[in-house]
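Working notes, structure below.
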Amino acid sequence: MRVFIPVFAMLTIVACDAAASPEIDVIVMRRSGSVSEDVTLTSAGVGHYHRSEPYPAGRSSTFQMTQKQFAAFLASLEPYRAKAKRYTRDVKSTCPSEVRRTLDAGAMYIRWIGPQYNVHFLMDFGCDTERNPAMNRQMHRTFEQLPLPRQ
């Protein structure tokens, strides 16, 4: 019985830690605005990128990240993953009706996919722009740390 209690406590701690940091195989992102950018990134560091410009077909490419870079990027998304919802096809704006809204500011959509995990998050850059500029700038900086072709 004495052995059972510490073993049970350790298993509980490990299980809670796994729930706090689920295994992520794929990250899907879309930054929209006057130009949209779509990124799919695997945990192996293989990335696919599409930019809506130049019109009409846009431009696509691939990129690579090391596993260390992937882990760092995943960690930088953690504040947003903590607010993510279970994945459904419906993506609703979380902007409350009583706050001021800018309609042409764009948005960031992120989806985290793993073996037992599938959540997504929508960040509307036009929602309450007076209170959220620092958070919006941080999200843009996070996206821009990806090794994407810039032009």
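The gain in end-to-end length when the Asp25 to Glu78 segment is fully stretched comes to 17.6 nm, 0.36 nm per residue minus the alpha carbon separation. Potential lengthening of the chain between Lys68 and Ser32 amounts to 10.2 nm, from the contour at 0.36 nm per residue minus the alpha-carbon distance. Each residue, Glu144 and Ser61, gets one label point 7 Å from its Cα in the Cβ direction; the gap between the two is 1.7 nm. With a simple spin-label model that places each label point 7 Å from the Cα along the Cα-to-Cβ direction, the separation between Tyr117 and Thr88 comes to 2.2 nm.
Every number here is computed from the coordinates shown, using simple stated rules; none is lab data. Just so we're clear, the structure is a prediction, and the values are computed from it rather than from any experiment. FYI the Cβ positions are ideal-geometry reconstructions off the backbone, even for glycines, and counts take in every protein chain you see.
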